[in-house]
Amino acid sequence: MRKMLILCMLAAAYLTLFGVTSAAVIYVPDDYPTIQQAVNNAIPGDEIIVRDGIYTENVVVTKSNLVIRSENGSSKCTVFARNPSEHVILVRANRVVIEGFTITGAWNCSPVCAGILLKNARGCKISSNFVVRNCGGIDLFYSNNNFIVNNTVMMNNQSGIYLERSNNNLITMNKVHSNGINAIEYPSNVGDGIELLESCHNRIVNNTVSNSSHGGIVLKSHSNFNYIAKNTAFGNMMDGIALTSGGSPWLAFNEHNLIIGNNLFENNWNGIYLENYSNNNRIIRNVATRNNESGILIRTSNNNLVIKNIADKNYDGISVCNASRNRFVNNSACANAWQGIFMSDARDNFIGANKVSENVYGIVLQESSRNRVIDNDVYSNNEVGIWLINSTMTKVIENTVSNNGGEGIKMSSSRGNMIVRNTAELNGYGISASHAYDNIIFLNNFINNSINAFSSASANTWNSTFPITFTYNGSTCTDYMGNYWSDYTGTANPYGIGTTPYIISIGNADYRPLIERWQVYFP
């Protein structure tokens, strides 16, 4: 017992000698009249509680491990910039908490001033603040592992929340709206809701971003491995979510981002937009509806996965331009004003198992090559179901194309494509070809279309160019195979192959028409 008492006395003497004391609670204005004076006199570990009122000052925090919070929340406590050319609160320390203030008055955008700026700061928490009418809202420069939580950021001249070269931050449950309000006065201002520049491994989750003068959530120039999930972005003047170079002369190269479960609607441009070599991203289970341009637009970006999204009721559902090796799987592209899925100058993409209906045009490939269109359900479009325009070496396989007002499958000025194992039923035309050459069409079902096939100024092969082994009535046979035509009236050999050609036009005939649907031959 005596030994323990001596140890305690030595410890107390050590703490007194070296000035190490327990954390204190400091009240403003009780203990110090201003927040800055309280910060200047605090030591790491202290908590500064700011009572109700308006505090006209610019606060600089250079001490770590401080908590600075209002006593009764942002509606009762305002920090108003004394100098509008300086940040309202500047944090240049680690593990600082700023909580529960209205922060306003840093209006000057030359240079840019923010409501809250973290600079070279780590482990800070910015929460439950109302950041309004500054140049920038909440800005992070070279700041990592911070938490931006449950703030309302609105009516700032530039972006609401901005990260530059800042990594591993969590941005969640913020309401970010109506930023970029002085675009006329400051025409160079960006005005995105949430903007990342050269920032990686951040989590942007459960935010609402609306009515920005530019984009909603925007990743720019080498912003990689970010997680963008469960956000709502609507009413923005540009895109809901964009991966872009932002008009800069360099390329974007925003890669390996996961965009999942976001709700993107009524944006003036696109719901989701990828450009300038934004490669290897995953776009999964998002809802992009009622946007003025495309639900999802991918331009000059490769190797992206677009899966299980809803891109309905936009101008176009999913659009692809000058892009390669992307995969579009299990998406809905329905009730768009123009096209469900549109590709232009696109190569080596995969379009599979999508539902495409009630558009003017279903799936359109223009001046594109080596794409695969497989197992899609394309129905009830006003005009064409699947349309190849000046496209080559594309495989259209096992799609169901039905009840389209014009052609089920249409080829215009297209060469060297393969149309195999599709079912075209109850369309205006089952299939049509105009100025199309060297395409191979076999093992398709053309059922009860107004006109099953039409060909003009075209020369194509309407049966396989190689023998196929199949089974019919229990017997196995190897032969060339054509298509099933519901209006074929010829006779058949014992293996279910027609003995007279099915004439399509002069120089175009199916010389091996099937008596039954192609599925019967491959049980």
Query raised in the report: When you look at Gly180, is it open to solvent by less than 10 Å² (accessible area, probe 1.4 Å) and within 16 Å of Lys220 (Cβ to Cβ), yes or no?
Result: yes
Query raised in the report: Is it the case that the stretch 218-229 has a residue that's under 24 Å from Val97 (Cβ atoms), open to solvent by 10 Å² or more (accessible area, probe 1.4 Å) and assigned to a loop (DSSP other than H, G, I, E, B)?
Result: no
Report task. Only one of these is touching a strand residue (DSSP E or B) at 6+ places or on another chain (Cβ under 9 Å), under 18 Å from Ile386 (Cα atoms) and open to solvent by 20 Å² or more (accessible area, probe 1.4 Å): Arg282, Arg347, Arg325. Name it. Result -> Arg347
Requested in this report: Select from the stretch 194-217 the residues that are assigned to a loop (DSSP other than H, G, I, E, B) and of a type in the set (Gly, Ala, Ser) and write down the one among them that is surrounded by the fewest Cβ atoms within 10 Å (Cβ to Cβ).
Outcome: Ser213
Query raised in the report: Given the structure, is Ser357 over 17 Å from the mean Cα position of the chain (by Cα), of a type in the set (Ser, Thr, Tyr), at pLDDT 95 or above and open to solvent by less than 10 Å² (accessible area, probe 1.4 Å)?
Result: yes
Report summary line: Here the residues within the stretch 99-120 that are farther than 14 Å from Thr56 by Cα and either surrounded by 22 or more Cβ atoms within 10 Å (Cβ to Cβ) or touching a strand residue (DSSP E or B) at 6+ places or on another chain (Cβ under 6 Å) (or both) are Glu99, Gly100, Val112, Cys113, Ala114, Ile116, Leu117, Leu118, Lys119
Requested in this report: Return the only residue of Ser368, Ser301 being in contact with a strand residue (DSSP E or B) (Cβ under 6 Å, 6 or more places away or on another chain), of a type outside the set (Asp, Glu), in contact (Cβ under 8 Å) with a residue 40 or more places away in the chain and closer than 21 Å to Tyr277 by Cβ.
Outcome: Ser301
Report summary line: Given the conditions (1) open to solvent by less than 40 Å² (accessible area, probe 1.4 Å); (2) on the phi > 0 side of the Ramachandran plot, every one holds for Tyr162 apart from (2)
Query - Subset of the stretch 442-467 (residues that are open to solvent by less than 20 Å² (accessible area, probe 1.4 Å) and in a strand (DSSP E or B)) - result: Phe442, Asn445, Phe446, Ile447, Asn452, Ala453, Ser455, Asn460
Query raised in the report: For residues in the stretch 55-98 being among the small types (Gly, Ala, Ser) and on the phi < 0 side of the Ramachandran plot, which is surrounded by the most Cβ atoms within 10 Å (Cβ to Cβ)?
Result: Ser70
Query - When residues of the stretch 384-405 are limited to those that are open to solvent by less than 10 Å² (accessible area, probe 1.4 Å) and not hydrophobic (A, V, I, L, M, F, W, C), the one nearest to Val356 (Cα to Cα) - result: Gly385
Query raised in the report: Taking into account only those residues within the stretch 468-480 that are in a loop (DSSP other than H, G, I, E, B) and touching a residue at least 12 places away in the same chain (Cβ under 8 Å), which is surrounded by the fewest Cβ atoms within 10 Å (Cβ to Cβ)?
Result: Asn473
Query raised in the report: Can you name every residue in the stretch 260-274 that is over 11 Å from the mean Cα position of the chain (by Cα) and open to solvent by 10 Å² or more (accessible area, probe 1.4 Å)?
Result: Phe265, Glu266, Asn268, Trp269
Query raised in the report: Only one of (1) more than 28 Å from the chain's Cα centre (by Cα); (2) of a type in the set (D, E, K, R); (3) open to solvent by 60 Å² or more (accessible area, probe 1.4 Å) is not met by Asp377, so which one is it?
Result: (1)
Query raised in the report: Out of curiosity, is Ile497 modelled with pLDDT of 95 or more and among the aliphatic types (A, V, I, L, M)?
Result: yes
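The values are calculated or read from the model by the stated rules, or taken from the named source; none is laboratory data. As the structure is a computational prediction, the values presented were derived from the model and not from experiment. Ideal geometry is used to build each Cβ from the backbone, glycine not excepted, and the neighbour counts take in all protein chains shown. To get the accessible areas, we keep the full protein, side chains included, count just its heavy atoms, and leave off ligands, DNA and RNA. Shrake-Rupley method; radii C 1.70, N 1.55, O 1.52, S 1.80 Å.
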